[in-house]
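Notes for the one structure printed next.
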Amino acid sequence: MGSSGELHHLADRVPAQGVTAAAVVGPDSRDRAARTTGCLPDVPVAEVRCRVFRARPDELIAMSFAPLGHRVMVLVEVVLADGSVGVGESWANYPSWAWRERVATIDEGVAPLLVGTRPGSPEAAQRALLGKLGPLGRQWGAPGPIHQAVSAVDIALWDLAARHAGRSLASLLTDAPRTELPVYGSSLGPDGVAQTAAHCAALGLTAVKVKVGFGHDRDLANVRTARRVLGDRTQIFADANQAWALPEALRTVPALADLGVAWVEEPLAGDRPADLDELAARTGMPLATGENLYGAAAFAPYLAVDGVAILQPDLTKVGGLSEYLTVLRAAEAAGKTVNPHLYNGAIATAATVQVAASSPATSLVEWDVRSNPLRRAADALLTDHGTVVVPNRPGLGIDLDPDQLDPYEEQL
């Protein structure tokens, strides 16, 4: 159940160019791990249910690589023999057919391994699932979908563990969780930047992120528009979604800095640590990355890059909360900021807010300002002054409304 020896085993797999094993699992981390291991009821898993909700957005949501045609929430419910239920969510935004693969992986890969077992803790179940399914992911050439599927189950088990303890997830993870967290508005651009920026201002947001990677002149024009609408007191970040080769980034990033952009997310195609190191050294721009990394060990080379100031693991992709916590501990030891990636439905939103509240290493939570009916159960967490409130009820702290979600459910 999350013993220090098992955590050492993960540290042994961290590449030599990354952080040391001591940085990942030092004495303080061992103490913290002992406190934050979630205990599950000593009853078997009776069922693992998968449900899919899809909603077409009201407006165009464009990324540098492809538009987002549908909002998607792949919901996983883990049911124990005593009737208790935990809920998790898997990332399945891209490609458009990802939700079908996710259902198959959960129903045919994850569920047979979990049903009938007594996991003891979310971490134990997560390790067992990745141990069995990880090699299949390698042969398949798809470690990402495996981690995304396991992430949903892991989140559901942590929800169960917190409910079993009668505590919010944040209070299970730390004795003194924060009750409110700053957010930044995400998804400005490439079209309608003035309108979206005005919407962010009306929401009371004091930080925003502009999508770039749509051409040098257009990117700079969009940042200028956001600055004009929001004023100098609002922080502006930029997200290229790995759109640029190094020469193009070396041309564009200094121009973004001149416009007051505070950091740039995923600037380089391939996301190679050495290239990011060079870009940061030559431009002085703080960089952010991590949403497309799978497993804690994958973060080690980025922890060693001085210019990567912000790590952005996604709870629904990296391997769930169990894997996220290992990234978080390593980042804390390395003095890095951990601002989680978040572009999902209500369950992922609530889980991300809960884990973000557990660590001072998190300075901001991402908040997608585009329409998303699949997040409605968590929308009330957003305040009118640029923060989210951390729910203090047991588990993730929110309830889904079946009547509101029913029109969006896919019949599997």
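The values are calculated or read from the model by the stated rules, or taken from the named source; none is laboratory data. Quantities reported herein were computed from a predicted structural model and do not represent experimental measurements. Neighbour counts run over all protein chains shown; Cβ positions are idealised from the backbone, glycine included. Accessible surface is based on the protein model in full, side chains and every heavy atom, while ligands, DNA and RNA are left aside. Shrake-Rupley method; radii C 1.70, N 1.55, O 1.52, S 1.80 Å.
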- Result of the Cβ filter at 8 Å on the range 370-399, keeping first residues that are touching a residue at least 40 places away in the same chain (Cβ under 8 Å) and partners that are of a type in the set (Phe, Trp, Tyr) and crowded, with 21+ Cβ neighbours inside 10 Å, at least 6 apart or interchain, is Leu374/Phe53; Leu382/Trp367; Val388/Trp367
- Message: Looking at Gly185 and the list (1) in contact with a His (Cβ under 9 Å, 6 or more places away or on another chain); (2) at negative phi; (3) open to solvent by 10 Å² or more (accessible area, probe 1.4 Å), which single condition is not satisfied?
- Response: (3)
- Task: Mind counting the residues in the range 69-108 that are among the basic types (Lys, Arg) and without any contact (Cβ under 8 Å) to a residue 40 or more places away in the chain?
- Result: 1
- Could you list, in sequence order, all residues of the range 400-412 that are in contact (Cβ under 8 Å) with a residue 60 or more places away in the chain and either open to solvent by 70 Å² or more (accessible area, probe 1.4 Å) or hydrophobic (A, V, I, L, M, F, W, C) (or both)? Leu400, Leu405, Leu412
- Item | Number of the exception - Arg178 against (1) over 19 Å from the mean Cα position of the chain (by Cα); (2) in contact (Cβ under 8 Å) with a residue 60 or more places away in the chain; (3) open to solvent by 50 Å² or more (accessible area, probe 1.4 Å) | (1)
- Qualifying positions in the range 388-397 - open to solvent by 20 Å² or more (accessible area, probe 1.4 Å) and within 21 Å of Trp367 (Cα to Cα): Val389, Asn392
- Note on the structure: With criteria (1) open to solvent by 10 Å² or more (accessible area, probe 1.4 Å); (2) free of Cβ contacts under 8 Å to residues at least 60 places away in the same chain; (3) over 22 Å from the mean Cα position of the chain (by Cα), Pro145 comes up short on (3)
- Query: Restricting the range 94-136 to residues that are closer than 26 Å to Ala162 by Cβ and outside any helix (DSSP H, G or I), which is nearest to the chain's Cα centre (by Cα)?
  - Reply: Ser121
- So, of the residues in the range 306-341 that are in a loop (DSSP other than H, G, I, E, B) and either among the polar types (S, T, N, Q) or open to solvent by 10 Å² or more (accessible area, probe 1.4 Å) (or both), which turns out to be nearest to Val72 (Cα to Cα)? Thr316
- Task: Go through (1) more than 13 Å from the chain's Cα centre (by Cα); (2) at pLDDT 95 or above; (3) surrounded by fewer than 24 Cβ atoms within 10 Å (Cβ to Cβ) and name the single condition Leu364 misses.
- Result: (1)
- Message: Taking the criterion of being farther than 23 Å from Met63 by Cβ, touching a residue at least 40 places away in the same chain (Cβ under 8 Å) and hydrophobic (A, V, I, L, M, F, W, C), would at least one residue in the range 307-324 satisfy it?
- Response: yes
- Task: Take Leu136 and decide whether it is open to solvent by 40 Å² or more (accessible area, probe 1.4 Å) and within 23 Å of Arg71 (Cβ to Cβ).
- Result: no
- State yes or no: is Ser171 assigned to a helix (DSSP H, G or I) and under 20 Å from Pro391 (Cα atoms)? yes
- Message: Please pick out the residue among Asp191, Asp217 that is without any contact (Cβ under 8 Å) to a residue 12 or more places away in the chain, open to solvent by 30 Å² or more (accessible area, probe 1.4 Å) and not hydroxyl-bearing (Ser, Thr, Tyr).
- Response: Asp217
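Considering only the range 361-412, state which residues are in contact with an Asp or Glu (Cβ under 8 Å, 6 or more places away or on another chain) and over 24 Å from Leu157 (Cβ atoms). Write out each step before concluding.
Kept after step one, since they are in contact with an Asp or Glu (Cβ under 8 Å, 6 or more places away or on another chain), are these residues of the range 361-412: 361, 370-371, 375-377, 383, 387-390, 395-396.
Arg370, Ser371, Arg376, Thr383, Thr387, Val389 - these are the residues of the range 361-412 that are in contact with an Asp or Glu (Cβ under 8 Å, 6 or more places away or on another chain) and over 24 Å from Leu157 (Cβ atoms).
So which of Thr252, Thr283, Thr206 is over 22 Å from Glu59 (Cβ atoms), in contact with a Phe, Trp or Tyr (Cβ under 7 Å, 6 or more places away or on another chain), β-branched (Val, Ile, Thr) and modelled with pLDDT of 95 or more?
On inspection, the qualifying residue turns out to be Thr252.
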- Task: Kindly check whether there is at least one residue in the range 73-87 that is in a loop (DSSP other than H, G, I, E, B), modelled with pLDDT under 95 and out of contact with any Ser or Thr (no Cβ under 7 Å at 6 or more places or on another chain).
- Result: no
- Query: Among the listed residues Ala255, Ala281, which satisfies the condition of being over 27 Å from Gly134 (Cα atoms), touching a Gly at 6+ places or on another chain (Cβ under 7 Å) and open to solvent by 10 Å² or more (accessible area, probe 1.4 Å)?
  - Reply: Ala281
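Quick check on the range 305-322. Is at least one of its residues farther than 30 Å from Asp275 by Cα and either of a type in the set (A, V, I, L, M) or modelled with pLDDT of 95 or more (or both)?
no
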- Note on the structure: Flagged in the range 195-254 as β-branched (Val, Ile, Thr), closer than 16 Å to Glu265 by Cα and out of contact with any Asp or Glu (no Cβ under 6 Å at 6 or more places or on another chain), in numbering order, are Val208, Val210, Val223, Ile236, Thr252, Val253
- Message: Just the residues that are assigned to a strand (DSSP E or B) and surrounded by 20 or more Cβ atoms within 10 Å (Cβ to Cβ), please, taken from the range 367-376.
- Response: Trp367
